[in-house]
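Below: one structure, written as structure tokens.
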Amino acid sequence: DGQVLPEQNLPPIRTATKGNPDVTIVELPGLNHLFQTAKTGALGEYADIEETVAPVALDTMADWIRKRVLINRTVR
């Protein structure tokens, strides 16, 4: 992501969300700000990308949701 650099932004996000069990932080290298597979992450590249959302991003989000649903079903 060329818009929000992970090395600058992830450490303070980790600090701010430490101890929150509903927060999972995952860095997905090779994706742009829209979770699309990208070579550079530059804005000019967006128009050339046909992918809506990279499968790895969708899988990561789906896994997070599945874990929350299973946890909530167990607690009830």
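For the reader, a short list of remarks on this structure follows.
- All positions within segment 1-15 that are surrounded by 10 or more Cβ atoms within 10 Å (Cβ to Cβ) and either more than 22 Å from residue 63 (Cα to Cα) or modelled with pLDDT of 95 or more (or both): 2, 3, 4, 5, 9, 10, 11, 13, 14
- For segment 1-24, a tally of residues being of a type outside the set (Val, Ile, Thr) and either under 13 Å from the mean Cα position of the chain (by Cα) or more than 26 Å from residue 66 (Cβ to Cβ) (or both) returns 11.
- Every residue from segment 36-63 that is surrounded by 14 or more Cβ atoms within 10 Å (Cβ to Cβ) and either closer than 20 Å to residue 2 by Cα or touching a residue at least 40 places away in the same chain (Cβ under 8 Å) (or both): 36, 37, 38, 41, 45, 49, 51, 54, 56, 57
- Hey, residue 3 part of a helix (DSSP H, G or I), without any contact (Cβ under 8 Å) to a residue 60 or more places away in the chain and polar (S, T, N, Q) or not: no
- Scope segment 18-37; condition aromatic (Phe, Trp, Tyr) and modelled with pLDDT under 95; matching residues: none
- Residue list for segment 25-53, filter: assigned to a loop (DSSP other than H, G, I, E, B), more than 20 Å from residue 64 (Cα to Cα) and among the charged types (D, E, K, R): 39, 50, 51
The values are calculated or read from the model by the stated rules, or taken from the named source; none is laboratory data. Bear in mind the structure is a predicted one, so any value in this text is a computation, not a measurement. Cβ sites come from the backbone with ideal geometry, for glycine too, and all protein chains shown count toward neighbours.
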